[in-house]
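The values are calculated or read from the model by the stated rules, or taken from the named source; none is laboratory data. Quick caveat: nothing in here was measured; it's all calculated off a predicted structure. Here the Cβ positions follow ideal geometry from the backbone for every residue, glycine too, while neighbour counts run over all protein chains shown. Calculation scope for accessible area: heavy atoms of the full protein, side chains included, ligands and nucleic acids excluded. Shrake-Rupley method; radii C 1.70, N 1.55, O 1.52, S 1.80 Å.
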Amino acid sequence: MNRQELQKKVRHTVYQLIWEKGYASPLDLFLKMEKISPKLIEEWRFGRVPYLERVLHGNLAQMSFIMKELRKTAKEMDLKESYTAYMSWGKGRKRPLRFSKSGDSQVERFYSTHYVKPPKVERMELKPLLEGINQQQESDEV
């Protein structure tokens, strides 16, 4: 998949997530794009995987591009940034989960930011946008 195709897929998936959940997060985006399985997310959540990037399907350059497109699309849609603390599941002390090998605070922040639709954006307003993207993808595939 080239960058242009990946960009379209990210944009489409972000619109889908906003339509379905009212927000988009990198973790949900990776899951919906099949870059990670629910089982691997669970392993990470329970602390059996040291950091999320270790189990993502694809290289770091591709993940970085997906994250950049997510932020760009969120900005275009006027979505509000909301930081979410990811804590470990299971017994014992809850500790913050790591997303990246480096542990860089900026990278960790990007992974843990959710993009939430503002209250003024109604679901019906998003439907034509989503349908437009679906039609554009279909015409590009032909």
| said: Taking the criterion of being under 22 Å from Val10 (Cβ atoms), modelled with pLDDT under 95, touching a Gly at 6+ places or on another chain (Cβ under 6 Å) and open to solvent by 30 Å² or more (accessible area, probe 1.4 Å), would at least one residue in region 43-61 satisfy it? | reply: no
Would it be correct to say that Arg71 is among the basic types (Lys, Arg), under 18 Å from Ala24 (Cβ atoms) and open to solvent by 60 Å² or more (accessible area, probe 1.4 Å)? yes
Exactly one of Ser102, Ser64, Ser88 is open to solvent by 40 Å² or more (accessible area, probe 1.4 Å) and over 13 Å from the mean Cα position of the chain (by Cα), and that one is Ser102
Of the conditions (1) touching a Leu at 6+ places or on another chain (Cβ under 9 Å); (2) without any contact (Cβ under 8 Å) to a residue 12 or more places away in the chain, the single one that Leu60 does not satisfy is (1)
Filter region 12-42 for residues that are among the basic types (Lys, Arg) and open to solvent by 60 Å² or more (accessible area, probe 1.4 Å); the one that is nearest to the chain's Cα centre (by Cα) is Lys32
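Which residues, counting only those in region 1-20, are assigned to a helix (DSSP H, G or I) and of a type in the set (A, V, I, L, M)?
Taking region 1-20 and keeping what is assigned to a helix (DSSP H, G or I), we get 3-20.
Of everything in region 1-20, those that are assigned to a helix (DSSP H, G or I) and of a type in the set (A, V, I, L, M) turn out to be Leu6, Val10, Val14, Leu17, Ile18.
A quick yes/no check of all residues on (1) acidic (Asp, Glu); (2) within 19 Å of Glu43 (Cβ to Cβ); (3) modelled with pLDDT of 95 or more; (4) touching a helix residue (DSSP H, G or I) at 6+ places or on another chain (Cβ under 7 Å):
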| position | (1), (2), (3), (4) |
| --- | --- |
| Asp78 | yes, no, no, no |
| Glu81 | yes, no, yes, no |
| Met87 | no, yes, yes, no |
| Gly92 | no, yes, no, no |
| Leu97 | no, yes, yes, yes |
| Phe110 | no, no, yes, yes |
| Thr113 | no, no, yes, no |
